[in-house]
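Reviewing the structure listed below.
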Amino acid sequence: MKIYKNIKPVIALFLCLVLFNSCNEFIQEEAYSDITSETFINEDNADQLIIGVYTATREVYRNHGYKFAGTDLFTTKSELFAFSSTNDYTNFVAPETNSVWSDNYNVVAKANTAINRYENQINWSDSNLGTKAYGIAQARALRALAFFNLVVQYGGVNLDLEEPLSIRNDYARSSEEETFTLIISELEAAISDLEDNPEIGRFSVRAAQHLLSEVYLTRAYKSFASATDFQTAADLAVQAIDGYDIRTQTFAEVFDYANQVNDEILFATHWENNAFDEDRNNNKHSLFRYNLFDYPGVSRASQYGTSGASWMMTPYFYSLFEDNDTREEATIHRVFYADEASSWEDDVIIPGDTVVYFPKEPIDIAELTDKLDRYWVYQPDEYLWGKPDDIAGVNYTYSSNPYFTNFPIMKKFDDEVFLDENGGARDTYVFRIAETHLLAAEAYLGAGNATDALFHINRVRERATGVVDHYTAIDLDVILVERALELVGEANRWAVLKRTGKLEERIELYNPHVIDHGAFDSSVHLLRPIPTREIALSPDTMTQNPNY
């Protein structure tokens, strides 16, 4: 968190203005001129402070660090023997700065500013006291979300709730238990003043119930848990679902670009295609893919865009989809198509032609040879780095492919507006009801209620396959598989594996780089290192996590 020293009132006003960026097409900023500190912030325009908190939250959810790499579902696109500290835990040291830390504390700082101004600077008329309470509730809920993002990664963190007006060198970490206690109290207080059906883009009662369910569920596994945490988490999840039937729309419809505002979404960070770069700068479309524009017939402007990260899905992930699971078609691209005319060896390529094909099941040599005359084909065991042996006499030899790593890329985050790895206009779903069902399943399992746990996980599976009561038994591994199929690339997979105590077991089973040379140590790597700059700012009070 950036701390400022001896900020004068005029500078403090300037910092307030930095908060006022538009959040989305539904929550809009206003333009002001001739601003003075005496006239600017009042009850008529105070909501701009809250919009600033939402705007800061966008950056949290376009920052994907620490969420995916080093799990059972994601690994690096590099050679099997290559080292990556965040994926295989080798040489994992404390960085000077870290955007996971700073982005979430930016939300905290802006929420603190908004709450302070709402409570101490603005003169509220009696008729607007409800508006005041609603603004504070939104800021508290978003601040709780940021603190939760921090505690699952770092353990106990600094719980400063004051507007940052001066530099300090005495920041200290609260305990993990104290951090969870604060998050719970913030959300419980916020729920009473949030709206059931707010303006699109704002935090609702049900979004807060979903988050609070996940907080209680995460605490339920801790040594300081309450005996009722699992049941409380289950109850909150049911309240957040509120009777909504996810079967009213298909999985593909949920991710239809034209249907981003739909009843399954409890909270999302909103982007839009307008003239402002800050409103059109999502990067979710560029994850879990590789650059395809060196293939013949595929342009840089194709639907596949540009890769913006070094991760790919593991072979284990691709193996999870059963033949009747409709989520596969909506989640990944198994076929890449040309978007411009080109040629390759003896083959003429026109837009719409197949360029690369990834069959779900291995095909025999005769079929493979036939297809390699028209496009590249990669078998399910050939997704990791390396080129298969050439087959003689075909147009598309593996040695001539410009890429060393070929795999089915992520589809469900495809954007219609982007500029290379950035510039996206697709919303990022933060909470949706299918995940709420899976929280309920896990919570009921922890509470010893397998019947209700099965109901909730089967509701998610039924939407995907049409099969009622697919699961007849449930445990954490079953839940983790269903979460992988439903929420890949959405939920923080690392945090979920840590929560359930399955991180070490599953990366050693399914992450190929970890299997080859992983150095995971549960005494170290279940917590992320505190950025060294934070310790340097408060050397006598801020402490590092163990063994870093």
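Hey, among the residues in the range 418-463 that are of a type in the set (Gly, Ala, Ser) and touching a strand residue (DSSP E or B) at 6+ places or on another chain (Cβ under 9 Å), which one's farthest from residue 238 (Cα to Cα)? Selected residue: 423.
Within the range 493-506, being open to solvent by 40 Å² or more (accessible area, probe 1.4 Å) and farther than 19 Å from residue 93 by Cα holds for 501, 505. Based on this model, can you work out whether residue 237 counts as within 18 Å of the chain's Cα centre (by Cα), of a type in the set (Gly, Ala, Ser) and open to solvent by less than 50 Å² (accessible area, probe 1.4 Å)? No; evaluated as a whole, the condition is false for this residue. The condition of being at negative phi, over 19 Å from the mean Cα position of the chain (by Cα) and of a type in the set (A, V, I, L, M) holds for only one of 159, 142, that being 159. Of the residues making up the range 155-176, those that are open to solvent by 30 Å² or more (accessible area, probe 1.4 Å), touching a residue at least 24 places away in the same chain (Cβ under 8 Å) and part of a loop (DSSP other than H, G, I, E, B) number 10.
The single condition among (1) open to solvent by 50 Å² or more (accessible area, probe 1.4 Å); (2) in contact (Cβ under 8 Å) with a residue 12 or more places away in the chain; (3) not aliphatic (A, V, I, L, M) that residue 256 does not satisfy is (2).
If you go through the range 180-226 and pick out every residue that is open to solvent by 20 Å² or more (accessible area, probe 1.4 Å) and of a type in the set (A, V, I, L, M), you end up with 5. Which of the residues that make up the range 526-541 are surrounded by fewer than 19 Cβ atoms within 10 Å (Cβ to Cβ) and in contact with a helix residue (DSSP H, G or I) (Cβ under 8 Å, 6 or more places away or on another chain)? Passing the criteria: only 526.
Taking residues in the range 178-200 that are free of Cβ contacts under 8 Å to residues at least 12 places away in the same chain, and partners anywhere that are part of a helix (DSSP H, G or I) and not basic (Lys, Arg), the pairs with Cβ atoms closer than 7 Å and at least 6 places apart or on different chains are 196/205.
The residue list 102, 84 contains one member that is closer than 25 Å to residue 288 by Cβ, in contact with a Lys or Arg (Cβ under 8 Å, 6 or more places away or on another chain) and not aromatic (Phe, Trp, Tyr), which is 102. Scanning the range 177-231 for residues that are part of a loop (DSSP other than H, G, I, E, B), farther than 24 Å from residue 47 by Cβ and not basic (Lys, Arg) returns 221, 223, 224, 225, 226, 227, 228.
No other residue among 294, 277 is open to solvent by 20 Å² or more (accessible area, probe 1.4 Å) and within 30 Å of residue 84 (Cβ to Cβ) apart from 294. Criterion first (modelled with pLDDT of 50 or more and either part of a helix (DSSP H, G or I) or not basic (Lys, Arg) (or both)) does residue 82 satisfy it? When the stated conditions are applied, residue 82 passes them. Just a yes or no: is a residue in the range 379-397 in contact (Cβ under 8 Å) with a residue 40 or more places away in the chain and of a type in the set (Asp, Glu)? Yes, the range 379-397 has at least one match.
The set of residues from the range 328-356 being open to solvent by 60 Å² or more (accessible area, probe 1.4 Å), closer than 17 Å to residue 396 by Cβ and in contact with a helix residue (DSSP H, G or I) (Cβ under 9 Å, 6 or more places away or on another chain) comprises just one member, 345.
Within the range 507-525, the set of residues being under 30 Å from residue 318 (Cβ atoms) and surrounded by fewer than 17 Cβ atoms within 10 Å (Cβ to Cβ) comprises 508, 509, 515, 516, 517, 519, 521, 522.
The values are calculated or read from the model by the stated rules, or taken from the named source; none is laboratory data. Given the structure is predicted, the values throughout are model-derived calculations rather than measurements. Glycine gets a Cβ as well: all are built from the backbone with ideal geometry, and neighbour counts include every protein chain shown. The accessibility values were calculated without ligands, DNA or RNA, using every heavy atom of the protein model including side chains. Shrake-Rupley method; radii C 1.70, N 1.55, O 1.52, S 1.80 Å.
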